[in-house]
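Encoded as structure tokens, the structure appears first; notes follow it.
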Amino acid sequence: MKPKPRFNQKINLTIQRLGIYGEGVGYWHGYTVFVEGALPGEVIQARLCERKKAYGRAATLSCSRLSPHRVLPSCPLFGRCGGCQIMHLDYNEQLVLKRQRVIDSLERIGKLKGIEVLPCLPSPSSLHYRNKIQLPVVPSENGLKIGLYARNSHDLVEMEKCFIHAPLGEKVLERLLPLLKASSVTAYDPKTGSGELRYLLIKSALSTDQAMVILVTKGAPSRELCAFAHALKETCGEVRGVVRNENESADNTVLGSSYQLLVGEGAIEERLLGLSFKVSPASFFQVNPLQAEVLYKQALSLADLQGDETLLDAYCGVGALSLLMAQRAGKVLGIDCVSQAIADAKNNAQNNQICNVEFACGLAEEFIPTLRSLDVALLNPPRRGCDSSLLQRLSELAPRRILYISCDPATLARDLAFLNERGFSIDTVQPFDMFPQTAHVETLVCLDRDFVQSRVTL
């Protein structure tokens with residue numbers, strides 16, 4: 001039997017790779033050990049601080065060989081704040097390791113050997129790219145404080161500047177903080193259930209210089225909160241509106257389902273590839289719009305639409321890709337389970353004068369069985385991937401091409417294996433760095449039907 005280290009034991013490790021959360025991974029006599037902050041190729045001595053049956057976690061004590069790709073992080077809070085995981089890694093090497101993560105997932109989880117994975121495409125900006133700011137608010141001795149949670153904890157790291165937030169969001173935050181701290185708005189205290197403000201969100205649009213602020217609260221809005229919202233709108237001209245989200249949950253859920261406009265307009269406008277899109281508080285929109293344009297251009301190219309196809313966009317959000325595809329397809333069907341996103345998608349179609357697209361609210365796995373035929377399918381699911389019933393029905397419809405956009409290589413590999421077993425060959429695997437300085441990677445995959453199969457008719 002292979003030995004396992006004892007809790008608090010000092011061990012020597014050579015870091016082999018990065019884990020899915022950006023931590024270094026080494027092996028001690030075959031026992032897997034995760035080390036936060038360690039990079040591949042580094043030789044370290046570490047102390048085991050958590051011991052489980054299958055793996056352990058350790059903290060670095062010393063390093064006898066540093067990675068040549070280790071760099072000084074841009075942010076002074078790196079290592080304390082949990083927002084970025086690999087800012088200490090040279091950006092070009094970040095791209096290399098993100099591609100490798102996709103390869104490893106395809107081989108290990110999907111059992112898909114020999115699939116060519118193209119080099120990860122860099123983001124146009126590796127810093128100051130994120131158009132969404134989400135910050136928890138907690139009580140303090142002087143009223144309240146705002147920041148980001150430390151990694152794997154609910155200890156708040158107070159901050160007033162973030163190096164991955166887009167400049168407009170940072171500008172709004174800079175104006176907002178002194179107003180909020182000078183107000184009488186109270187922070188929600190989960191221990192006592194008292195207080196009001198739980199989270200602060202800022203959404204910004206790069207192309208139009210518009211911003212929206214979302215205040216997540218417990219209970220009805222107080223006079224103090226409404227006064228703060230009006231003061232912010234008057235002080236910061238880029239803020240088109242301030243919206244309240246009511247969250248009564250006792251857990252760590254960020255957003256509730258109820259929204260209320262406090263002042264101004266309830267949406268902002270973003271433009272991508274010549275189209276304009278209304279973005280509401282509850283709607284999903286890519287957080288890195290410049291890189292989203294790169295991804296969407298590649299998706300349009302791979303779709304290879306001739307003008308007469310029927311295309312399904314499952315998980316369509318506010319309809320960005322649906323409308324772009326509709327300019328080249330015969331008919332596009334968009335489906336999403338968020339009602340506000342579908343309302344925005346319909347408005348976006350009307351505002352862009354695109355008529356060959358239909359949007360419906362519901363679960364994609366319940367909608368697909370109603371289809372009679374399909375030429376191209378576009379899948380862009382959340383992190384959990386696609387429901388197997390959706391993939392099964394999709395394989396029965398036998399579209400000539402499937403485009404799959406994924407934010408999680410593990411569930412992507414699982415779903416690709418499912419489709420591959422049912423007659424779809426994997427033609428292109430293109431990773432994109434949608435989230436620089438973090439361990440996350442976005443992947444676009446093009447699958448083609450291997451053989452001609454008669455269409456299913458209901």
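The values are calculated or read from the model by the stated rules, or taken from the named source; none is laboratory data. Source: prediction; values computed, not measured. Using ideal geometry, Cβ is built from the backbone for each residue, glycine included, and neighbour counts are taken over all protein chains shown.
Checking the conditions here, which among Ser322, Ser276, Ser280 is surrounded by fewer than 17 Cβ atoms within 10 Å (Cβ to Cβ) and hydroxyl-bearing (Ser, Thr, Tyr)? Testing whether each residue is surrounded by fewer than 17 Cβ atoms within 10 Å (Cβ to Cβ) and hydroxyl-bearing (Ser, Thr, Tyr) leaves just Ser276. Being under 15 Å from the mean Cα position of the chain (by Cα) and in a helix (DSSP H, G or I) is the filter; apply it to the range 273-297 and report the residue that is nearest to Leu201 (Cα to Cα). Here the answer is Pro289. Considering Leu394, Leu403, Leu447, the condition of being touching a strand residue (DSSP E or B) at 6+ places or on another chain (Cβ under 9 Å) and at pLDDT below 95 is satisfied by Leu394 alone. When residues in the range 222-231 are screened for being surrounded by 19 or more Cβ atoms within 10 Å (Cβ to Cβ) and either more than 15 Å from Arg175 (Cα to Cα) or among the small types (Gly, Ala, Ser) (or both), 2 of them pass.
Of the strands (runs of 3 or more DSSP E) contained entirely in the range 346-413, those carrying at least 1 residues that are surrounded by fewer than 20 Cβ atoms within 10 Å (Cβ to Cβ) and out of contact with any helix residue (DSSP H, G or I) (no Cβ under 8 Å at 6 or more places or on another chain) fall at 357-361. Only one of Cys81, Cys75 is in contact with a Leu (Cβ under 6 Å, 6 or more places away or on another chain) and not assigned by TED's automatic domain parsing to the domain that holds Val243. Can you tell me which? One residue alone meets the criteria, Cys81.
Just one of the listed residues (Val216, Val172) is of a type outside the set (D, E, K, R), touching a strand residue (DSSP E or B) at 6+ places or on another chain (Cβ under 7 Å) and over 19 Å from Ser257 (Cα atoms), namely Val172.
Could you list all residues from the range 71-110 that are among the β-branched types (Val, Ile, Thr) and either closer than 19 Å to Gln291 by Cα or crowded, with 20+ Cβ neighbours inside 10 Å (or both)? Residues satisfying the conditions are Ile86, Val96, Val102. In the range 28-45, the qualifying residues are those that are assigned to a strand (DSSP E or B) and touching a Phe, Trp or Tyr at 6+ places or on another chain (Cβ under 9 Å), and the one that is farthest from Pro73 (Cα to Cα) is Tyr31.
The rows are residues; the columns are (1) at pLDDT below 95; (2) under 22 Å from Val441 (Cβ atoms).
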position	(1), (2)
Pro5	yes, no
Gln16	no, yes
Thr32	no, yes
Val43	no, no
Leu48	no, no
Ala54	yes, no
Leu77	yes, no
Arg80	yes, no
Gly83	yes, yes
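When you check Val25 against the structure, is it free of Cβ contacts under 8 Å to residues at least 12 places away in the same chain and either buried (at least 17 other Cβ atoms within 10 Å of the Cβ) or outside any loop (DSSP other than H, G, I, E, B) (or both), yes or no? Taking the combined requirement at face value, the residue satisfies it. Just to be sure before I move on: is Leu61 buried (at least 17 other Cβ atoms within 10 Å of the Cβ), hydrophobic (A, V, I, L, M, F, W, C), touching a Lys or Arg at 6+ places or on another chain (Cβ under 9 Å) and not assigned by TED's automatic domain parsing to the domain that holds Ile426 in the structure I sent? Judged against the criteria, Leu61 is not a match.
The residue list Leu180, Leu168 contains one member that is over 19 Å from Val216 (Cβ atoms) and either crowded, with 18+ Cβ neighbours inside 10 Å or in contact with a Gly (Cβ under 7 Å, 6 or more places away or on another chain) (or both), which is Leu168. Restricted to strands (runs of 3 or more DSSP E) entirely inside the range 120-204, those with at least 3 residues that are within 17 Å of the chain's Cα centre (by Cα) and within 19 Å of Arg244 (Cβ to Cβ) are 132-140.
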